[in-house]
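Every number here is computed from the coordinates shown, using simple stated rules; none is lab data. Owing to the predicted nature of the structure, the values given are computational and were not obtained by experimental measurement. Here the Cβ positions follow ideal geometry from the backbone for every residue, glycine too, while neighbour counts run over all protein chains shown.
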């Protein structure tokens, strides 16, 4: 944009508290898209075409087929994408540490970088371990919920 003279100076995405978090969010979404798409495409491939043909014969248009067939039959894949995405985003460390190290002014600090900072920068190992255990407990509860959802889907 600078070369085309639309901007006169570079935007310091990672140096400003207001934009650093958005830069991390966009990067995290960009990284997760391929995995999410694979899960959703796999879910779409499990939907039999006969169902769509029957709905078309019964007079359902494309929107009705999407709302009443695709979305309900894709529900397990959508749940997997949402829960696994939540777990990955909640435990993200590498992206935050490499891009901002939790800064500027702790604007992008997450529990994993907070635990790391407490343990290895401030040498307060007990506090860092406590934060890591809280992170583990939250993710453990979410994982149990995910396993319960998957078990319910298998019994249906």
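Please compute the length gained on full extension between residue 90 and residue 65, using 0.36 nm multiplied by the number of residues separating them and subtracting their Cα-Cα distance. Mind dumping the intermediate values first?
Values: separation 25, 0.36 × 25 = 9.00 nm, distance 3.45 nm.
Once the chain is fully extended between residue 90 and residue 65, it gains 5.6 nm.
Return a whole-number percent for the relative contact order of region 29-156, with Cα pairs under 8 Å and 6 or more residues apart as the contact set. Spell out each step's value before the answer.
On the way: 81 pairs, mean separation 23.8, N = 128.
Relative contact order of region 29-156: 19 percent.
May I ask you to derive the FRET efficiency for residue 33 and residue 155 from their Cβ-Cβ distance with R0 = 22 Å, giving the value to the nearest 0.05? Numbers along the way, then the final one.
Numbers: r = 31 Å, r/R0 = 1.41.
The calculated FRET efficiency here is 0.10.
Angle between the Cα long axis of helix 17-45 and the longest principal axis of the chain, 0 to 90 degrees, nearest 10?
The angle comes out near 30 degrees.
Hey, got the Cα dimensions of region 20-59 along the principal axes, in Å, largest first?
Taking the Cα atoms of region 20-59, the three principal extents are 52, 19, 7 Å.
Tilt of helix 71-90 relative to the longest C-alpha principal axis of the chain, in degrees (0 to 90, nearest 10)?
10 degrees
For helix 125-155, what angle does its Cα long axis make with the longest principal axis of the chain, in degrees from 0 to 90 and rounded to 10?
The angle comes out near 0 degrees.
Binning every alpha carbon pair distance of region 91-156 at 5 Å from zero, what are the percents per bin?
4, 17, 19, 18, 14, 9, 8, 6, 4, 1, 0
In deg cm²/dmol, rounded to 500, what helix-only [θ] at 222 nm does the chain give when every DSSP H run of at least 4 residues adds -39500 (n - 2.57) and the total is split over its residues? Display every interim value, and only then the final one.
On the way: 7 runs with 105 residues, N = 156.
Per the formula, -22000 deg cm²/dmol.
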